[in-house]
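Below is one structure, written out as structure tokens; the observations come after it.
The values are calculated or read from the model by the stated rules, or taken from the named source; none is laboratory data. Given the structure is predicted, the values throughout are model-derived calculations rather than measurements. Reconstructed Cβ throughout: ideal geometry from the backbone, glycine too, with neighbour counts over all protein chains shown.
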Amino acid sequence: MGALCPAKVESLALTALRIGYARVSTQKTAQDISIEGQQDQLRAAGCSEVIVERASAYSGKHRPGWERLWSLVAAGEVSEVMVVDQSRLSRSGDDLDFLEACTLKGVKVITLTGGPIETETVGGFITAGVLSVMNRAQSKLIGAKVRDGIKRRRASGHYACSRVPFGYRVTDGKVEPDPESWAAARRMFDELIAAEMNVTGWIKASGQRRSATGIKRWLDHPMLRGAVLSTWGQVEPLISWQEWEQAKRLRQSRSCLKGRTAGNVRLLTGLVKCQGCAVNLHHAKDGKTIRLKCKSPFCRFYGKSIKADKAKADVVKELRQAAMAMASLASLPPRQEPTEAIEIRARLAQLQELSADGVPGLEAAIAAQQEQLSTFAFVPSGPRRSELAVLFAEPGTLECATDEELRAVIIEFVAAIRFTGSPVAVEVTLR
């Protein structure tokens with residue numbers, strides 16, 4: 001074989017060091033033609049390799065291809081970088097940094113639409129900077145138009161929801177109750193409430209082929225309370241805020257029962273907290289007597305207790321005293337909660353979720369929303385509360401109820417039961 005001439009060797013070496021960079025903004029198949037066209041043009045221009053990227057150059061997200069191109073330039077492994085247009089490099093302003101790095105490394109940057117880009121001269125730097133600003137401004141303009149379009153569509157009732165929870169559907173871009181599953185969704189919620197949010201037990205009893213995790217996510221979906229894409233009041237709610245809070249209380253009450261068998265769950269298990277240490281009291285046997293006892297060694301009420309029957313009697317007494325007032329409210333027509341109160345509840349729920357996720361410094365904002373919500377004198381009067389209120393007014397109803405029946409009533413109507421160290425009384429706060 002004949003030896004290659006020096007000019008041919010140099011040409012092959014330069015070709016081997018010529019890298020192309022092709023990019024489109026999304027993973028959508030509609031941009032396949034664009035990315036394939038860029039690759040074809042760059043290979044035809046003599047690139048030995050084309051780095052392909054499908055990511056936005058404006059949002060600041062991680063771009064592996066862009067980082068690899070930087071590393072090749074920094075390592076001196078490339079002599080030329082080719083792109084179809086400067087906007088393919090970046091729309092975030094960091095294309096200028098890349099161009100200056102190429103200048104320092106002696107790497108040529110060539111665009112197929114405009115020729116070489118250089119930043120070594122003042123004129124070249126200004127030209128590259130103007131193009132960079134124009135590309136960035138164009139992205140901002142496109143983003144503003146998209147947001148304006150979304151805002152206008154939402155104002156007309158259209159929401160781009162790819163998935164909606166059980167009970168809803170999307171018709172012509174609008175979220176609405178699904179007539180085929182709405183009644184079943186409402187029935188499922190009512191059955192879960194009746195089961196005290198024992199999701200696993202309800203699945204077994206109903207024979208539904210659903211997962212406990214899926215049902216819990218369904219219960220927490222804001223759309224069930226009338227929210228579409230964080231905007232409240234955009235669709236008919238499947239459940240009210242009061243019902244959601246009731247479900248939340250039931251689920252929280254069940255969290256303290258983890259690891260316990262049904263036989264170990266008593267009337268007040270997990271419902272009586274010690275005022276000194278804020279820990280739930282433990283059931284302890286004293287002969288044939290069951291007592292509720294503080295077992296936290298660091299608490300000032302450590303070792304002190306109250307009879308479980310006495311605590312039960314105090315709770316029933318408070319419910320009895322409120323029964324007549326509740327019964328009088330039962331005759332009132334159902335009222336809708338004010339829109340402002342619903343919005344405050346929505347903000348409060350979001351703040352509480354963020355706080356639960358570990359976001360610090362939200363205590364003051366949560367307290368402010370709770371104080372603002374307390375100014376609304378709204379008393380829900382749904383069928384469940386009305387029937388129970390009338391029932392409470394009947395002598396002997398609460399006293400003769402089973403522990404299971406009374407426990408459901410306590411979870412629904414009692415906000416807190418606190419042990420103050422006294423062996424003869426507990427503090428009971430109703431909702």
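Yes or no: region 161-168 includes at least one residue that is within 19 Å of GLY226 (Cβ to Cβ) and touching an Asp or Glu at 6+ places or on another chain (Cβ under 7 Å).
Taking region 161-168 as the starting set, the residues that turn out to be within 19 Å of GLY226 (Cβ to Cβ) are 161, 163-168.
From the residues that got through so far, the ones that are touching an Asp or Glu at 6+ places or on another chain (Cβ under 7 Å) too are 167-168.
Yes, some residue in region 161-168 is within 19 Å of GLY226 (Cβ to Cβ) and touching an Asp or Glu at 6+ places or on another chain (Cβ under 7 Å).
May I ask you to list the residues in region 266-280 that are surrounded by fewer than 17 Cβ atoms within 10 Å (Cβ to Cβ) and either within 21 Å of ASN198 (Cα to Cα) or among the hydroxyl-bearing types (Ser, Thr, Tyr) (or both)?
Correct list: ARG266 only.
Can you pull out every residue in region 30-46 that is β-branched (Val, Ile, Thr) and either modelled with pLDDT of 90 or more or surrounded by 13 or more Cβ atoms within 10 Å (Cβ to Cβ) (or both)? Full working, then the answer.
If we filter region 30-46 for residues that are β-branched (Val, Ile, Thr), which is where we start, we get 33, 35.
ILE35, the sole residue that qualifies.
When region 268-299 is examined, which residues are found to be among the β-branched types (Val, Ile, Thr) and in a loop (DSSP other than H, G, I, E, B)? So that I can check it myself, show each step before the final result.
Going through region 268-299, the residues among the β-branched types (Val, Ile, Thr) turn out to be 269, 272, 279, 289-290.
Those that are among the β-branched types (Val, Ile, Thr) and in a loop (DSSP other than H, G, I, E, B): THR269, VAL279.
Do we find that GLU387 is at pLDDT below 75 and either in a strand (DSSP E or B) or not aliphatic (A, V, I, L, M) (or both) in this structure?
On the way: at pLDDT below 75: yes; either in a strand (DSSP E or B) or not aliphatic (A, V, I, L, M) (or both): yes.
Criteria met by GLU387.
Residues that are touching a Lys or Arg at 6+ places or on another chain (Cβ under 7 Å): find the strands (runs of 3 or more DSSP E) completely inside region 73-144 holding 2 or more of those. I'd like the intermediate steps shown before the answer.
On the way: elements: 80-83, 108-111, 115-117.
Result: 80-83.
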